[in-house]
Amino acid sequence: MTRPEMADETLFLLLHNEMVSGLYRAAEHGEGENGRCITKLENMGFRVGQGLIERFTKDTARFKDELDIMKFICKDFWTTVFKKQIDNLRTNHQGIYVLQDNKFRLLTQMSTGKQYLEYAPKYLAFTCGLVRGGLSNLGIKSIVTAEVSAMPACEYISD
């Protein structure tokens, strides 16, 4: 990894952490509802995902089907944003896809103890929106949720 890539990654991690903590800090001080923070983060991610997919796909051929789109998300999109491919993609062939990242970058900075699992959702909301926004711009309307059973692994489920 070259120095500019490391700087880009560090800036992204710092920006993400500041977005999360800033929204939750504002909610604690009465400037918003705590439950709305996840929605705000997801909506921010949605808009960013739309923009990124537009840039990443402007010179690519059309995708043949939904599975082809999901493979693009897992390889090219994820690699550009998180510097690694998704570790595993599963589907039930009925429109549900599970994207598994065993060492998710936005969780690796947190301790791996089970007591930190309750904090994971707020660090995954932006990425849920990122994936949903990307899929939306590729013509797939979806609901994207995240699950964490052991840190820093997580699964994103697209329905």
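Selection of first residues in segment 46-58 that are among the aliphatic types (A, V, I, L, M) and of second residues that are not in a helix (DSSP H, G or I), restricted to Cβ pairs under 7 Å at least 6 apart or on distinct chains, gives the following pairs, ordered by first then second residue: ILE53/LEU138. Checking each residue in segment 117-135 for being more than 9 Å from the chain's Cα centre (by Cα) and open to solvent by less than 20 Å² (accessible area, probe 1.4 Å) picks out ALA120, GLY133, GLY134, LEU135. Specify which of the listed residues (ILE38, ILE73) is out of contact with any strand residue (DSSP E or B) (no Cβ under 8 Å at 6 or more places or on another chain), crowded, with 17+ Cβ neighbours inside 10 Å and in contact (Cβ under 8 Å) with a residue 24 or more places away in the chain. Going through ILE38, ILE73 in turn, the sole match is ILE38. Restricted to segment 61-159, the set of helices (runs of 4 or more DSSP H) holding at least 1 residues that are within 20 Å of MET19 (Cβ to Cβ) comprises 78-82, 120-137. Exactly one residue out of PHE82, PHE56, PHE72, PHE63 is modelled with pLDDT of 95 or more and in contact with a Phe, Trp or Tyr (Cβ under 8 Å, 6 or more places away or on another chain), and it is PHE72. A residue that is open to solvent by less than 30 Å² (accessible area, probe 1.4 Å), modelled with pLDDT of 85 or more, at positive phi and not hydrophobic (A, V, I, L, M, F, W, C) can be found somewhere in segment 91-98.
Being surrounded by 11 or more Cβ atoms within 10 Å (Cβ to Cβ), at pLDDT 85 or above and outside any loop (DSSP other than H, G, I, E, B) is the requirement here; does ASP8 meet it? Judged against the criteria, ASP8 is not a match. Within segment 123-144, is there a residue that is among the basic types (Lys, Arg), in contact with a Ser or Thr (Cβ under 9 Å, 6 or more places away or on another chain) and either closer than 22 Å to PHE12 by Cα or at pLDDT 95 or above (or both)? Yes, segment 123-144 contains a residue that is among the basic types (Lys, Arg), in contact with a Ser or Thr (Cβ under 9 Å, 6 or more places away or on another chain) and either closer than 22 Å to PHE12 by Cα or at pLDDT 95 or above (or both).
The values are calculated or read from the model by the stated rules, or taken from the named source; none is laboratory data. Small disclaimer: the values here were computed from a predicted structure and weren't measured. Positions of Cβ are generated from backbone atoms using ideal geometry, with glycine treated the same way; all protein chains shown enter the neighbour counts. Calculation scope for accessible area: heavy atoms of the full protein, side chains included, ligands and nucleic acids excluded. Shrake-Rupley method; radii C 1.70, N 1.55, O 1.52, S 1.80 Å.
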